[in-house]
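Take a look at the structure below.
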Amino acid sequence: MILDNTVAAVVTGGASGLGAATARALAAKGVKVAIFDLQEEKGKAIAAELGGVFCECNVTDDASVDAAFAKAREAHGQERILVNCAGTGNAIKTASRSKTDGSIKHFPMDAFNWIIQINLVGTFRCIAKSAAGMLTLDPMEDGERGAIVNTASVAAEDGQMGQAAYSASKGGVVGMTLPIARDLASESIRVNTILPGIFDTPLLAGAPQPVRDALGASVLNPKRLGSPPEYANLAICMIENGYFNGEDVRLDGGIRMAPR
């Protein structure tokens, strides 16, 4: 896909971290970018920086997602690119025994469902609504109608203790990538997914430096945290390279996560 100022993109979770880096990379190519996020102040600042538009969006809510797409399309026209970076996580053991009183508890189902609704169902909701919009477009000169990039995690393949919900949600994103790519193939819409390792995002910003150093040292090579622009670089490659389709790609410096 040729990226220029005739192309519009939507980046969910675009107000910070991987999403913000991707939004900047797309804008640097001339693409008109809409930022979908719940962080209004940060989202508006990024949108202003890029000459884009901020659309407040809760990916777990149909009406909120519909309103965000309507606002983005009114400003920029129908998007040809969707990058799904909105997501969150938690860490709770499936079942555990208290070391103090011996009481037993299990993973709260509302907490499990919350992660699934944001990371998996929210991603699919945005894909389905964006793809339906892309179908209204004529193909570009290169024959493409659109490109979608999703964000999973290495936890989809080697999740750690306490990550049952997170791993299930990200594993679901990996599992649905190829079927969705097959669903949309006849309409010339490509779908790929990135599985990031340990990246230097706002999630880790508050961690003590010794913790950050230890995490970086656990990476095979290079021994450091991943940089959001490195994620954005792969996302741009997946969008621009017309033969990139139906793939799930780890971006992790070769790390394989230990049990804890």
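Where a number appears in this text, it was derived from the coordinates with a stated rule and is not lab data. This structure is a prediction, so every number in the text was calculated from the model and none was measured. Cβ placement follows ideal geometry from the backbone for every residue including glycine, while neighbour counts extend to all protein chains displayed.
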If every Lys and Arg gets +1 and every Asp and Glu gets -1 at its Cβ, then about the Cα centre the range 121-260 yields a dipole, in debye to the nearest 20, of 600
Which of P202, G14, Q117 sits closest to the plus end of the dipole of the chain, meaning its Cα is farthest towards the positive end, when Lys and Arg get +1 and Asp and Glu get -1 on the C-beta? P202
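In percent, what relative contact order does the range 8-251 have, based on Cα pairs under 8 Å that are 6 or more apart in sequence? Mind dumping the intermediate values first?
Numbers: 466 pairs, mean separation 48.3, N = 244.
Value for the range 8-251: 20 percent.
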Report the charge-dipole magnitude of the chain in Debye, nearest 20, computed about the Cα centre from +1 at each Lys and Arg Cβ and -1 at each Asp and Glu Cβ. 880
Tell me the chymotrypsin sites (Phe, Trp or Tyr not before Pro) within the range 217-260 that lie in a loop according to DSSP and have at most 13 other beta-carbon atoms within 10 Å. Y243
Fewest first, what order do S16, S153, S103 take by the number of other Cβ atoms within 10 Å? S103, S16, S153
Length gained, E40-E247, 0.36 nm per residue minus C-alpha separation, equals 71.3 nm
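Using a Förster distance of 30 angstrom, determine the FRET efficiency expected from the C-beta separation of L203 and L135, and round it to 0.05.
Working: r = 35 Å, r/R0 = 1.16.
Taking R0 as 30 Å, the efficiency between L203 and L135 is 0.30.
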For I2 paired with S186, estimate the spin-label separation in nm (one decimal), with each label point 7 Å from Cα along the Cα-to-Cβ line. 2.9
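Taking 25 Å as R0, compute the FRET efficiency from the Cβ-Cβ separation of D62 and D158 and round it to 0.05.
The pair D62/D158 has a calculated efficiency of 0.15.
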Would you mind getting me the FRET efficiency between A128 and A95? Use the beta-carbon distance for r and R0 = 30 Å, nearest 0.05. 0.30
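Fully extended, how many nm does the chain gain between R224 and E74 (0.36 nm per residue separation, minus their Cα-Cα distance)? Display every interim value, and only then the final one.
Values: separation 150, 0.36 × 150 = 54.00 nm, distance 4.14 nm.
Full-extension gain reported as 49.9 nm.
Given the rule -39500 (n - 2.57) for each run of at least 4 DSSP H residues, summed and divided by the residues of the chain, what is its mean residue ellipticity at 222 nm, to the nearest 500 deg cm²/dmol?
-12500 deg cm²/dmol
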Label A217 and D110 with points 7 Å out from Cα along Cα→Cβ: what is the distance between them in nm? 4.1
Lysine pairs in the range 62-195 8 or more apart or on different chains: how many have alpha carbons under 22 angstrom apart? 4
Sort all Cα-Cα distances of the chain into consecutive 10 angstrom bins from zero, then give the percent of pairs in each bin up to the one containing the longest distance. 7, 30, 36, 19, 6, 1, 0
Taking other Cβ within 10 Å of each residue's Cβ, how do S130, S218 sort, fewest first? S218, S130
